[in-house]
Structure formats: C-alpha cells, structure tokens
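Working notes, structure below.
Just so you know, all these numbers are worked out from the coordinates, no wet-lab data involved. In this text the structure is predicted, and so the values were computed from the model without any measurement. Heads up, the Cβs are rebuilt from the backbone with ideal geometry, glycines too, and the neighbour counts pull from every protein chain shown.
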C-alpha cells in the first residue's frame, strides 16, 4: 500500500516543522503571500500512549494509566495552565459524533476523561477496538463562522483542493458542497485571483480571504514537499485578532503519506521525532499505525518485519483467529481472488486470515511464513476441523518447488498439531517447476497423516475452494487432465458453458454493447470522463518487427524475450540491446534457440538509441529510486513509443509526473508495478507469461481472437490459461500494474483493442480501488466500445470485513462506494458488459460467448500451428530432472545448493538453534551423523588439550620461523602442519591400532608388552619426557575422569592403564601419555557410543580420523604462534652458529682457523660415512 495514514499528532508536528520552510509552489515569490498574512504558532500537542500490561488486571491497568498521565504532566507542563481538547488519536473517523471528543476541559477533567476510556474497548461504526493513544491540545475559543473545511488529495491528473466555509462536526456531504480546484501535476500553485474566484467567494472579509489563501499555499507546498497523498483539516479556524493580524488553527486533522516515497522523504518525516542532539535515522522513522480495530498482532508484526528485509512480498492480516479456513496464497491478485471465492460461498465469517507470499521468496522465507500461519491455525481448535488452502496463480518466475520446500518443511514440523486439529489441505499452484512442487506435495500427503489434495493449472484457480468447503463445483478436474481446446460450433455438453445460468445472455451477431439500463448508478461527469478523444488514432505498440531496449541488467528477462521470439519464428530478435549504466560498453552472451549469440550492452541510453534508431519500446527495469529519471529521459526520444516500467514502490508524485510527460509526447506507459504484457506471435515484455512451458501450454506462440487487460501480473497468467482453454487464444494481453495511478488505463488499451480488427472479444479483469473500470462502462454506454467485453472486478470480499484490509496491490483499497468491486461489477453489468456472478464462472461465460460468436460467424478460428520446440537451459533442465551427467565430485557431508547450508542434512540455522557446538559440527562433517552430547563434548576437550604444546616442538618451531620470514598465515600454518607424522603428533592413529589390536587378539597386558619388546618396537602412547607416575599429566587425568563419568564403556582405556602399570614398574615416566589416552578413549567412543557399526568403527580408526583431531586442534596453536610473532614484529630468524656442529673433514689450505666450542666425538668417521 502506498498511501498510509498517520496519527493526527504526527501530522500536526509535520505541519509545524515544515509549513514555512517548504519550497514554494508559486510561479514566483509573491511578496503579499508570506508569513505576515497570518500567524501560525508552533503546534502545542501532547501525545499520551498506553500499553496493555502483560498480565492485565484492574490494578495493573490503572497503574499504567496513572503512570502515563503523570509522565505527560512532566513532559508537557502547559497542560495545567489552559483549557484543553482531548480525543483518541487512532485513525478513528467522526470522533465528535461518536462521543470521543471533549472540549474546553481542565487538565483534571481531561485526566478523568482519559482514565474512563484508556485501554477499554469501544465500538465506532461497527468496528471495535481498544483506545490506547490520545492527543491533548489547547482549546481555541472561536465562533462557528470562523470554521472552514480544507482538504487536499491526489488524483492522476494532479492534486485536488476542496474548500468550503462550513467546517466542523456537522460539515455533512463535503463532496456536494465544497468548491474544487485541480492543481495539475507539475503546475504552479494558482494565483490569489484565481482561487479567490473559485474557492473563497463566500468569505466576506478580505483579510481572512488573503490569510486563508496564504495558508493554503503553504499547506499545499508542504503537501508536495513531504509527499502527502491526503491532508484534511476540519475545522480550520481562521481568526482576526484585535491587533489586526490573522491567526490560523488546524483543529482537527487527518493525513496520509506516500510510503513509497520514504527513500526521499523519510528523513524529513523522522525529523519530528528527533531532538537537537540526535539525527534522523531509520529508528526514528514516522509511525504508520494500523487501522482502528486492527492492532498488529505479534505474528503480523513478524511477517511485516520479514517483508521489510526481502525483495519478495510477504503479507499477513489476521481476520479471525478462531476461524476455520486459513489461506497461504501466492500472488497479490490471486490472494484477493481466493478471499472472494470463500466469501462468495458465505464462509467469510470463517476466513481466518488474508495474505500473500510472492516475488520469489526463498525457501527459508517460505518456511518462516508458513510456520507462522500454521502456528496460528493450530492454536484454536474448531469443532469441524481446519481447512488450509495453499493456492496461487501461475507464477511468472517464482520456482514453485523451491517455495514448496519451505512450506513442506513447516507442515512436517506441525504434523501432530495438524492431525489434532483434523486439518484438510487443498493445493493449487502452477508456474516454473510446478510439476515437481506438486509431486512433493502429493508425496507429503502420503506420510503427513492429514488429507492433502493437489491440483495444477488444468484446474481453475479457485475451483479448490468449493471442494474444500464441501460445496459442488464442476470446475474440478483430475490432476492429470490434458489440455483440451473447447471451440465447439455450439455449446457442447460437458463444457464450462453448461454451468451458466440461463439468464446470462451472450452477444448475437448484431451485438451492441451500448446499452444503458435505467437503473444504472448516476455518475457525475467530473468523476467519470473519457481520457481519449472520440476517434482515437489506432496504435499497435507490439508487432512482429517491434524492437526494444532492456534498461537494466536482467539476463533472465532478456533470455525469456529471446526464447519467445525464437518459438514465434521471428526473424530478428525483439531485444536490440541492453543499457546498463554501471559498466562500460561490452557484449553479453545469450541464446537464440540452441545457438549462442551476443547482445551489445551500452552504458548510456543515448548511445543505444543512436546505434538502434528502429527501437520503439523500452523495458525499464530501473529501481523505484531511479525509474523517474530514466523514464523521463526515455520519453524525450521521439522514436520511443512505449515504455514498460517494471519497478514496484515508485512514489506516486513521480509516477504522475511520468504520466503527464508521456501524455504530452503521446508515449504509452505500461506500469509501474507491472510484469508487462504479451502479444502472441509478436512480442513479450520481460518476464510476462512466465517460463516457456507455460507460454507453450497457454498457446501464446500464435495469436487468437481475445484481447485482455488486467491490473495483476500474476492473474494475467491465469487469464492466458483461461483464454487458451475456452477460446482460440490470446491476441494481446497487458497488465497495467497494481498502483493507484497506472501509466495507462483499462480504457486506453480497450480503445486500442476496439480499433484493432483482429480483436473480436475483450476481457477486463479489474479490482477494488479506483474508478478506471467505470470509465470503460461509460465508453460502452456512449457507443465508443461496441465489441463484446467480459469483465470482472476482484475484491468483492472487502464488504465482508469489519476493518479496513489492504489487499495485494497498492491501489487495491476502496476510498468510496464507487471504488468497491461490487459497485463496479454492477455498473459494468448495467452498461451492457458481460459480467459473471463470480470469478469462478468467468471461464464458462467466456467459453459460451466465444462459442456463440463462432456459431454466428463473427469469429473464424484458424488452425493451430505445430507446437514449437522449446529450447531449455541446461541448468533449468537439471532443476526439472530432465537431464543427467556424471559428477566430477561426490560429496555426502555438505550441501550448499539450497537456500540454507546443510551439514550432513542439518540446516545451519538448526546448528545454532540447537547449540551443538564445534564438537557437533565435527560429528556432522566427519561422521555424517549427530553424536551424543557427551561425545561432542569429548571432541571439544580433545581439541582444547591438543591446541598447543609450546614453541619448542617442531610444528610450532616451523610455524614461527616461517612467520618471521615474512610469509602469510596459510604458508606458516602449512609449514607447521607438514611436520606432523610418526615422530611428532602422529602417534594417535598408531596408539589406537596397537592397543585395540592387542585387546582384540586377547593378549594380556604382559603379553602385549613382551611382544613389543621382542619386536624391538616402541609402544606408541606410552612415555613422557617430563611427566611420570609421581608427576602425572593433568591432561590425561581430565579426559580419563570425563570418560569414566560419561562413556558407556572404556575397555580399551582399562587395557591401556593395565599396560601402564607394567611399563611404569620398569621406569616411572613410561606412563600413558595424552596421545595414548586420547587414542584409546576415541576407540572406546567409536565402539560403544551406539552411533557406529563395528565396521565403521574400524574404518574411522584406520583412515586417520584420530590424527585429524590432532591436526585440527594443533592448528589453533600454530595460528596463535603466527599471530604472536606478527604482533611482536619479530624479524627474520637465523639459527645461531654455536648451536650447529660444522663438520669439515679436509679444511682447505689457507682457510680461516675457526675454533669450535664443541667437542666432536668420532667426527671424522661421521663425516666420511
């Protein structure tokens, strides 16, 4: 949603901060319109908020109220000095008429008034909510005749100023009594003389009139500067003072800001929440409170936070936490369609939630979203069980299988609660990799223990709703249903046409839609007007020769366009080049069919236009921040006739400026917030139509007779699917985008279709919000449109909800009765347009209409061409499981391909969540299993015990020498590690082999010692240079004691200790050393933990696992020595001469006589050896 309401308190602070500092919108600075025309004091307003105690009780609630009121007294000392006005500040309309306003009260009376209402529920116009935020202001004494009403709001053409000299609670129908003035987009604020005549004629005082004009000029400049979309003051009190001046007071105010403009105005908004010692930041951003009665739950807040951190869209609104029917729907338009279908079957009261996940969320994000919904769903049991609808349209680029992996993971986690709640799950989805996603869902149904029914694109999008609700629907087909054409000469039995009621009439050969039923709603001319002339020039923006520039590096979208060109048998690619300002000119590799080709990439649009002057379309992938600048540049080129703006979140004022500039240049704008459009056999914009398999299944590689226009990009794929199944196919389709002010309207495109002789039948899919559908109805009634139109506006469920619900698109919110889906459907129907009773009936109505036109000879279907061969990328073919190749490597311990890293199948998030430690990670990556906690702890103990043994040992010595030679960390570490072997650090494997073999052979400890003596072999793991039986090694004691306490059995340790008793009887230092203790304990762990088979135990002992522990542990010490030398800035090491024995057998004559300090025993013999 772009237009977001703010609290009155924040609105007045913004006004106080910026009223006189906002840049003027006047053409020139009029000296008479300055601050001296009126006085406007800094806003005095106290905001008092209350939080419901964690454990509510009468005492705790009263304590919270008293605390906050006392706090307010300290912050706002003026409260005790004047009479006051108090009211809730929670987006409540008509507070005065609801008894939620107290005026001319003392602070004591205000405290009493608040105490009686704070943290209590009230019902306002059928909406119940808890009062927790109040605004208190000084009372302004005034007479009724000093009250005015002023409102500024945005429309597509500009900003409307409403003004009337009657303000206050009883202002009544403002629309009928207020004067209006439209400030066209990018126009200057009108002169005093202009507004005096049009708005202020009823004001008698010239001084008041001038002050009112000056204030409204400042108000409008602030409105523009801060990106307001709505600003209402009622009443605006204008008082002439005794000193001759005029004071202005905005007593009651309602305002909305364009949230999409936060990137350019956010710091300005946040300034009201900062102090002189702080700077505006994200933490101080302005608050956008939930509508009254719709306070965010912790789950809604969590999903909102997730949504703010991803490029995907994640939305959740809880409607009825005790409801039976829960939805998990992909796509903004699809989410509305499902809610409509549930409401149409009279189950709106059981609908628990509204929401959507779309825009290719990751597996983890899908999991978190699904887990949140499942946790809510399973909290409150229902006597009839729970229904979960996992629905969605045909995705353009979201990998269905990937998102389903996250959902399936959540479903598995909630297996028992789902069973306990007697849950039934119904799935309908399509799009990239949908077959794999649905297969996974069906397989889950065989093991989950709850019923899961799965359907794909062969089933109408909402056909699972009646099935889930136990209602009848003839739209349900088997999952394996083949795509069948339905182009009968008459309405054949068994086709969707049989489902229609007989009272729905379709056109006859002399069809004329210019009907006007007398009961049609009366529409004011200033509200519904046609944007085009009576005889518009027909322009077809997309042909088989249309060429385009793609602005932005979007290889997937470009490749999709080229693939579409290829299967449509275009001779020249539709993409001439790419413009990417963040790199130099170069070429990018793509595929034309199965052959590689190169597309030029330019760093500037100017270069691209000069190189390819035949280009007439630009697909603009600029971000919401830069799309205004880039689009305005595109409009300036005369050869650019159409621009598709893909970005969502474009500020409304920027969008309206683009529209105004485009209208002057007669440039067609599609978007913003659109997937684009498609003309089968000719041209497709970006990712429109989804993957190639969907384009083929929807027959979009050749033109049909039906043209459509939709707001929703995701639902446009559904229309493609519906049209291909019920008619001879799509001729052209456009998704105009879901923003409040689309660059082109339904009527713009339908007028094109009307003029195109190849279009025989038109489909319009509108939605709640805006009145553009009514313009189409007016065009039909006036005779400008004569071809058959089938239309439906989604969002009919909105009337079922008690609170305001923002649907998927920014513009999907009704601000008046005329903007509701029901009103527009009725208006379209009464204008003579074919409107089904529900969206579910649209395919049947379309099929019947088409069939009748075929029978009447109005449409002559052409034979379908042979289905094209669809080129597919190798990576995607692998994803779909269509190809295989031998792998260069095999890995069984780690998988980095998914959304989350896996250690032996364990998600990295679970590694931290379950706190398995480094020992647990070693167990996963070394042994491919989760070892018992005591075993993981033992691994960590080994790593700590072996981490270092001083700088004198060979490994540390080498590391130090290498570090001092100036080498890097890795080189120094490697030099130390390369010394590990049988003589240093490599005794663990040998000790384990010796002790375990002797034990397994049944040798007694004495026999083992004697056999080793006879073989003249050392017993590895026995002996220490310093430690002895009387001076034991504490490291050995630590791990022995730990093993005695935690290990299941320690037979090899016991055997080694028995050997120690024999060896120490000969010499006191022939003890079981730390290497031997680790080795025998590790063998005991492998054999008796229950985690390994005997064969695995032997293999792990044989392949070097024990030495691996020493290497891993000692690496810690080696790195420490390296860092120590670097920290001490030690220079190059040179070994001292006096520590080297130089043996020279035949000193050369005349050599320098060097006296050795060492006595060489048998040196000559050694030298001659």
- Length gained when the stretch residue 439-residue 207 is fully extended (0.36 nm per residue, less Cα-Cα span): 75.9 nm
- For the chain, the longest principal axis of the Cα atoms and the Cα long axis of helix 954-964 enclose an angle in degrees, to the nearest 10, of 60 degrees
- Message: Using a 7 Å offset from the Cα along the Cα-to-Cβ direction at both residue 1013 and residue 594, what is the distance between the two label points in nm, to one decimal?
- Response: 7.9 nm
- Could you work out how far the C-alpha centroid of the stretch 335-378 sits from that of the stretch 960-986, in angstrom? 58 Å
- Query: If r is the Cβ-Cβ distance from residue 145 to residue 73 and R0 is 41 Å, what FRET efficiency results, to the nearest 0.05?
  - Reply: 0.70
- Task: May I ask for the distance between the Cα centers of the stretch 205-229 and the stretch 729-778, given as a whole number of Å?
- Result: 37 Å
- Task: Give me the number: length gained by fully extending residue 188 to residue 60, i.e. 0.36 nm times residue separation minus the C-alpha to C-alpha distance, one decimal in nm.
- Result: 40.5 nm
- Query: So what's the angle, to the nearest 10 degrees on a 0 to 90 scale, between helix 332-344 and the longest Cα principal axis of the chain?
  - Reply: 70 degrees
- Task: Kindly put 594, 946, 1063 in sequence by how many other C-beta atoms sit within 10 Å of each C-beta, fewest to most.
- Result: 594, 1063, 946
- Message: Tell me the relative contact order for the stretch 46-138 as a rounded percent, counting alpha carbon contacts under 8 Å between residues six or more apart.
- Response: 38 percent
- Sticking with the crude label model, points 7 Å out along Cα→Cβ, report the distance from residue 20 to residue 1139 in nm, one decimal please. 8.1 nm
- Message: What does the C-alpha gyration tensor say about the overall shape of the stretch 946-1126? Classify as rounded when a/c is under 1.5, otherwise prolate if a/b is larger than b/c, or oblate.
- Response: prolate
- Note on the structure: Ordered by fewest other Cβ atoms within 10 Å, a rough proxy for footprinting exposure, 715, 944 read 944, 715
- Query: Zone of residue 544 (label point 7 Å along Cα→Cβ, backbone N under 16 Å): which residues in the stretch 566-607?
  - Reply: 566-574
- Task: Would you please classify the overall shape of the stretch 298-469 from the alpha carbon gyration tensor, given that a ≥ b ≥ c denote the square roots of the eigenvalues, rounded means a/c under 1.5, and beyond that prolate means a/b larger than b/c while oblate covers the rest?
- Result: rounded
- Computed over the stretch 826-968, the Cα gyration tensor eigenvalues, each multiplied by 5 and square-rooted, give semi-axes in Å (largest first) of 69, 23, 16
- Query: Roughly what would the spin-label model give for residue 383 and residue 933, points 7 Å off Cα along C-beta, in nm?
  - Reply: 4.5 nm
- Task: Mind running the shape call on the stretch 46-138? Use the C-alpha gyration tensor, a ≥ b ≥ c as the square roots of the eigenvalues: rounded below 1.5 for a/c, prolate if a/b tops b/c, oblate otherwise.
- Result: oblate
- Report, in degrees rounded to the nearest 10, the 0 to 90 angle that the Cα long axis of helix 1074-1088 makes with the longest principal axis of the chain. 60 degrees
- Just need the relative contact order of the chain here, percent rounded to a whole number, with Cα pairs under 8 Å and 6+ apart. 8 percent
- Peptides 620-630, 855-865 ordered by average Cβ neighbours within 10 Å, highest first: 620-630, 855-865
- For the residue 471, residue 420 Cβ pair and Förster radius 25 Å, calculated FRET efficiency rounded to 0.05 is 0.45
- Note on the structure: Cβ density ranking, 10 Å radius, fewest first, applied to 66, 295 yields 66, 295
- At R0 = 60 Å the Cβ-Cβ FRET efficiency linking residue 104 and residue 309, nearest 0.05, sits at 0.80
- Show me 822-829, 79-86 ranked by packing, highest mean number of other Cβ atoms within 10 Å first. 822-829, 79-86
- Work out, step by step, the length gained on full extension between residue 1046 and residue 51: first 0.36 nm times the residue separation, then minus their alpha carbon distance; give nm to one decimal. 353.2 nm
- Only one of the values [x] 31.9, 107; [y] 39.2, 131; [z] 46.8, 145 was calculated from this structure for Rg and Dmax of the Cα atoms in Å; name its label. [y]
